[in-house]
1. State whether the residues of segment 271-285 include one that is free of Cβ contacts under 8 Å to residues at least 24 places away in the same chain and farther than 23 Å from residue 47 by Cβ.
2. Look through 91, 24 and report the one residue that is away from the ligand (no atom under 16 Å from the Cβ) and more than 22 Å from residue 223 (Cβ to Cβ).
3. Suppose we keep only residues that are within 9 Å of the ligand (Cβ to nearest atom) and more than 17 Å from residue 42 (Cα to Cα) within segment 195-210. Which one would you say is farthest from the chain's Cα centre (by Cα)?
4. Could you pull out the residue among 78, 171 that is touching a helix residue (DSSP H, G or I) at 6+ places or on another chain (Cβ under 9 Å), within 12 Å of the ligand (Cβ to nearest atom) and under 24 Å from residue 227 (Cα atoms)?
5. Go through 128, 102, 158, 132 for me and flag whichever is without any contact (Cβ under 8 Å) to a residue 40 or more places away in the chain, out of contact with any strand residue (DSSP E or B) (no Cβ under 8 Å at 6 or more places or on another chain) and within 16 Å of the ligand (Cβ to nearest atom).
6. Answer yes if at least one residue in segment 345-357 is within 20 Å of residue 8 (Cβ to Cβ) and in a helix (DSSP H, G or I), and no otherwise.
Ligand SMILES: *Cc1c(COP(=O)(O)O)cnc(C)c1O
């Protein structure tokens, strides 16, 4: 039986679900790029992007996906032969490191594995064992989308200051921006990269390098900055085309304008809280599944879990059959396991990911969980019962279970401002 006709749901960690409102704002004929509305709208994006990133610095916009934005950030922070240190908690940090290497940068990697956040003591030892000025930049992911590990950025800044390491702190927030709490200024981030197709709910196509005055000043001393990636004209355009070093991404500008309006309407703190509550519901369901059988959350410590994506270990080679069942029989697409195993690993097919970033709410998360449970049953995968009940307990803000979960949570460093008022 196939009952997959109807509304499909792409629950992968990017591109994310595009709101109808965003689509409608993009559905228009080509606008004038010489004068008028488009120019004004482009300028209006900058303060609102800063609102989302809690930044008072600069934002350069590029027509590029995340990989392009990685190169943009590197092009403005390091030269050939410079040394950088990459803190890796998954595939994406390694991807950024590889890109740096291909640009002629000397890369050291501290690899913290695939299921937990970085260890500040190991970073401490590494930095103390090297000359203070060796590294021009420290690169890290806020959330690594392959593992769904989230790192404590403020602790890295604190360590750099304590040691007196002058390296720029550059953070990849491509998965986490507008999903997980992020404080560019308060956490002392010098350079941050993001793209539009995840928490920002716009089709892939544009990305952003946020940077502060310190990074801006350093950039002036680089031996060479490519004309196209140079962030200076983009943040200080004399003519409109300099924003994008060429033709503007006209329709993305409209789409992003609408997406930012939606986030401002909700308010960014509540956007974070929504993602947190939905994540907790997903984790609660997976914990119930894991009572029987081999399924488990990849990241054990809830404080080290992303609120945008969840990586799951099946412990059996059933990832492909589950995904195929969901895709063909139900209209639901979930994420492949990415970077969780080496080629040839007998359990290589034992990983899946749920994307829950951006335009996602209670009914979508319950549909995701209920449909995945149906898929697990259909492929004959053993799992515990009561997952939907556990998720609905979390989503019912009046329930005792939630009170408990959230009082623990609000004590944590990560989410001091958590409220549940948006659910009422
Ligand atoms: C998605 C993602 C990228 C890569 O973005 P692309 O648009 O696929 O190039 C890089 N880093 C992180 C953390 C991501 O989530």
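1. no
2. Answer to the check: 24.
3. 204
4. 171
5. Just a single option satisfies the conditions, and that option is 102.
6. Applying the first criterion (within 20 Å of residue 8 (Cβ to Cβ)) to segment 345-357 yields 352-357.
Next, from what is left, pick out any that are in a helix (DSSP H, G or I): none.
The answer is no, given that none of the residues of segment 345-357 is within 20 Å of residue 8 (Cβ to Cβ) and in a helix (DSSP H, G or I).
Read-outs: derived from the displayed coordinates by stated rules, not from any lab. As the structure is a prediction and not an experimental result, all values here were calculated from the model. So basically every Cβ, Gly included, is an ideal-geometry build from the backbone, and we count neighbours across all protein chains shown.
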